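The values are calculated or read from the model by the stated rules, or taken from the named source; none is laboratory data. The structure displayed is predicted, hence computed values, not measured ones. Here the Cβ positions follow ideal geometry from the backbone for every residue, glycine too, while neighbour counts run over all protein chains shown. These area figures cover heavy atoms from the full protein model, side chains too; ligands, DNA and RNA do not enter into them. Shrake-Rupley method; radii C 1.70, N 1.55, O 1.52, S 1.80 Å.
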Amino acid sequence: MTQHYRDEGIPLIQTKNIAEFFVSDSEIVKITRDFHNTLQKSKVKFEDILIARSGSFGKASIFLKTEEINSSDIIIIKANNDVINPYYLTAFLNSNLGVNQMIRFASGGLQGHVNLTILEELKVPLLERDFQKNIEALVKSAAKKLETANFAYVKAEALLLNTLGMADFLPDTGTVNIKSFKDSFAVTGRLDAEYYQPKFDELEAKIAEKHELVSLGSVLTLNQRGAQPDYADEGLPVINSKHVREGEVLLTDNRVANLPDKENSLYIQKGDVLINGTGVGTIGRSAPYLHDQKAIPDNHVTVLRTSKLNPIFLAVYLNSIAGKFQVDKYFKGSSGQIELYPKDIGCFYVPLVDEAIQKRIAEKVQDSFTLKAESERLLAVAKRAVEMAIEQDEFSALEYITLQAPAVH
């Protein structure tokens, strides 16, 4: 299938994009329209429910867009609205009652595979239509908050690009750049041609027109990669590359670990910036850590700490074209075994942007984080209300919804 992938085209949902309730837009690949049209059975429509056959076992997403889209290795459920509300069904499938049934029917537990036979075995209580509509209202409200959160982050990115004078920047596509020995290897120690692509110099010069540039290492108090965790049944959540999304650190599905040397071990704390140091597609991806819970980085995640730049601003900058170009410039290796080492991250240049603008960018990202947290809370309320309605009664579940989400109810 990879021969049909394109930079532009029809989005293709894969198992890695299936999350609780909503499809993740992270790392969405695209396929040609011609190939899309040959995959009639895997086309996804509005309010279809999507379950990964493997990989994201025990999660169900409801698709709430109207754009053309396709899927790979995904089971598509089309709920009969005259019988069952698709939002309620999605909440049930993500609840403990739904997940536990899938685990029980699947071979291999959480590492098992979902198939149509498993889904046919699931027992789904048909609760009152009014109650199902209450669950629908919760899920729709959560979806709206998530959409607003994503828009707030886009506005932060736009403000950054405008500040750097890069809103309309088009990099040089040439691959030839003539450098003397004293201006190349004698300074950098690099002989690979990719390091000297003209677009890197052009972008740096563009940003330098408006802002003083300094090395990232000069404004950091910590630049350290984590170590292989000592996983345990109890301890602190471990952050690995899959948890570091662009602009967001996930605290879901984390394994936990203990640190043998609690005095000298590396912790992630609120206000740190995390950057992935390995992997095609994930290398260089950055996010501010905005959670109160301390965490542990694994050996693929580098922790950056600074008191001279707003850390949220720094994360947005690292995810921008300026950061991505520098990742492309400094990473080492090939054929999937690529690395971005802390010492090379320290060589990145960063602009000394006015503190007031840094704060405005950070506020938009913080708004995004708060809205996402509220979206997640509403979805948790929806799941718990479904469980209460089935295990106790619908009246108790409605009281719970009223208490936890009065504005939605």
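Checking Ile338 against (1) part of a helix (DSSP H, G or I); (2) modelled with pLDDT under 95, which single condition isn't satisfied?
Every listed condition holds for Ile338 apart from (1).
Does segment 303-314 contain at least one residue that is under 17 Å from the mean Cα position of the chain (by Cα) and surrounded by 24 or more Cβ atoms within 10 Å (Cβ to Cβ)?
yes
Within segment 88-102, count every residue that is part of a helix (DSSP H, G or I) and either open to solvent by less than 10 Å² (accessible area, probe 1.4 Å) or β-branched (Val, Ile, Thr) (or both).
Going through segment 88-102 one residue at a time, the tally reaches 9.
Take Glu339 and decide whether it is touching a residue at least 60 places away in the same chain (Cβ under 8 Å), closer than 27 Å to Glu204 by Cβ, open to solvent by 20 Å² or more (accessible area, probe 1.4 Å) and not basic (Lys, Arg).
Working: touching a residue at least 60 places away in the same chain (Cβ under 8 Å): yes; closer than 27 Å to Glu204 by Cβ: yes; open to solvent by 20 Å² or more (accessible area, probe 1.4 Å): yes; not basic (Lys, Arg): yes.
Yes; evaluated as a whole, the condition is true for this residue.
Return the residues of segment 242-282 that are open to solvent by 30 Å² or more (accessible area, probe 1.4 Å) and within 19 Å of Ser24 (Cβ to Cβ); say none if nothing qualifies.
Result: Lys242, Arg245, Glu246, Glu248, Leu250, Leu251, Thr252, Asp253, Asn254, Val280, Gly281.
Keeping to segment 343-361, report how many residues are without any contact (Cβ under 8 Å) to a residue 60 or more places away in the chain and within 14 Å of Ala156 (Cα to Cα).
The number of residues fulfilling the criteria is 3.
Output the residue which, of all residues in segment 123-148 that are of a type in the set (A, V, I, L, M, F, W, C) and open to solvent by 20 Å² or more (accessible area, probe 1.4 Å), is nearest to Phe92 (Cα to Cα).
Applying the filter and picking the extreme gives Val124.
Please state which one of Ala167, Ala208, Ala156 is at pLDDT below 90, open to solvent by less than 70 Å² (accessible area, probe 1.4 Å) and aliphatic (A, V, I, L, M).
Only one candidate qualifies: Ala167.
Within segment 67-87, restricting attention to residues that are in contact (Cβ under 8 Å) with a residue 40 or more places away in the chain and among the small types (Gly, Ala, Ser), which residue is surrounded by the fewest Cβ atoms within 10 Å (Cβ to Cβ)?
Top of the filtered list is Ser72.
Out of curiosity, is Arg360 open to solvent by 50 Å² or more (accessible area, probe 1.4 Å), in a helix (DSSP H, G or I) and either touching an Asp or Glu at 6+ places or on another chain (Cβ under 6 Å) or over 24 Å from Leu164 (Cα atoms) (or both)?
No, not satisfied.
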